[in-house]
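Read the structure below first, then the notes.
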Amino acid sequence: MAWNEPGGNNQDPWGGKRNNEGPPDLDEALKKFQDKLNGLFGGGKSKGPAGSGRGMSSTAVVVALVILALVYGFAGINIVNEQERAVVLRLGVYHTTFEPGLNWAPPLIDQVFPVNVTKVRLLSKTGQMLTEDLNIVEVNVSVQYSIADARDFVLQVRDPEGSLAQATESALRHVAGSSEMHEVLTEGRERIAVDIMGRLQNYIDTYDTGILVEKVNVEETNPPRDVQEAFDDVNRAREDEERKKNEAEAYAMDILPRARGMAQRVLEEAAAYKAQVVARAEGEAQRFEKLLAEYSRAPEVTRERLYLDAVQEVMANSSKVMIDVEGGNNMLYIPLDKIVQQSSAAVGQGAPMTARELDSKISEIVRREINSGRSRREGR
């Protein structure tokens, strides 16, 4: 039968040796374990034998120590993010710097200070300062910075960001005090930002703050409010000056290419005229040389031909001819335009009149007028 059934001779594996072996009573075992714990922490005494109580107390102490060791071990685990570095102090003295990952530091012995070394932080500073030409300006600057050395940032300076603010103000006053007001308020702002950045980095490197200045921007520069209106007038005048300069440059860029183009065209026209005159002169010279050769062969024919060509050229540009008839008292008027029209109508509509025909027509008219004049004189 089972060890916990009636008549089982009180078989208890924790209470002493039994004649019959069997599984212990679970409820009774739990009760005895509770009594042992109560005795360990100052509770009631266990009802079991004295030897069993001392063994149970030693086991409980070991279990408690193991639990405390596990808790202590887990408490020392530190997880460092990828963006961070952790500075470790052991008993107040620098020990090491944890890299990203899982690290362990003994609690109550080590102090861990995580620092984000990738975050870009912003510091703004505004102040009024005196320029080189004894004018007061208000300057607003912003400083972008990050942590370059976590150890120096944590240990070397008590308040590194406060030191950065003071160094920024010092560098700003030094650079602005070495510049004129016009330069600070207008085109010199970029140069001022570069100078402030270099001087500021030198200051914080001297202090070993572990800070790296990424960029310095001069956000805003203004004159004092009392002279703001006058300064705005000066700015407007300067803008008008700049606008006039731009307009003049635009006009120059427009007129100069046009003038160069016109000059080039005149040069090309002159070159073309020169080539034309030279070619014409050479052609006339060749023509006269050929006429000379023809004149040497047939002088009479060539002379008449030249005369007729000259008459045709002259008469082509004149519509009226006045002839003083020899032996008469009247001036003879010959309407060449009418003669040409009549001759053209007689020969054919639109047919041109040659110089020889025109000469014959004029000669006929002259002879007719001379004969009519003689007849009138003889009748008298």
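The values are calculated or read from the model by the stated rules, or taken from the named source; none is laboratory data. Since the structure is predicted, the reported quantities are computational estimates derived from the model, not experimental observations. Virtual Cβ from ideal backbone geometry, glycine too; neighbours counted across all protein chains shown.
Worth a mention:
- In the stretch 190-221, the qualifying residues are those that are more than 20 Å from H174 (Cβ to Cβ) and in contact with a strand residue (DSSP E or B) (Cβ under 7 Å, 6 or more places away or on another chain), and the one that is surrounded by the fewest Cβ atoms within 10 Å (Cβ to Cβ) is E214.
- Some residue of the stretch 104-115 being assigned to a helix (DSSP H, G or I) and within 30 Å of V194 (Cα to Cα): no
Residue by residue, here is whether (1) modelled with pLDDT of 85 or more; (2) among the acidic types (D, E); (3) in contact with a His (Cβ under 7 Å, 6 or more places away or on another chain) holds:
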| site | (1), (2), (3) |
| --- | --- |
| F41 | no, no, no |
| G44 | no, no, no |
| V62 | no, no, no |
| G73 | no, no, no |
| I79 | no, no, no |
| L89 | yes, no, yes |
| P100 | yes, no, no |
| P106 | yes, no, no |
| T118 | yes, no, no |
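- Condition check for Q264: surrounded by 10 or more Cβ atoms within 10 Å (Cβ to Cβ) and either closer than 16 Å to M181 by Cβ or hydroxyl-bearing (S, T, Y) (or both): no
- When we screen S170, S146 for residues that are polar (S, T, N, Q), over 25 Å from the mean Cα position of the chain (by Cα) and either at pLDDT below 90 or not in a strand (DSSP E or B) (or both), the only hit is S170.
- Looking only at residues of the stretch 180-237 that are in a helix (DSSP H, G or I) and of a type in the set (G, A, S), we find that the one that is nearest to L155 (Cα to Cα) is G198.
- Residue within the stretch 226-235 that is modelled with pLDDT under 90, surrounded by 19 or more Cβ atoms within 10 Å (Cβ to Cβ) and more than 30 Å from F113 (Cβ to Cβ) present: no
- Qualifying residue in the stretch 144-160 (condition: acidic (D, E), within 18 Å of G127 (Cα to Cα) and surrounded by fewer than 17 Cβ atoms within 10 Å (Cβ to Cβ)): no
- Test: residue in the stretch 107-123 that is more than 30 Å from Y72 (Cβ to Cβ), out of contact with any strand residue (DSSP E or B) (no Cβ under 7 Å at 6 or more places or on another chain) and touching a residue at least 40 places away in the same chain (Cβ under 8 Å): no
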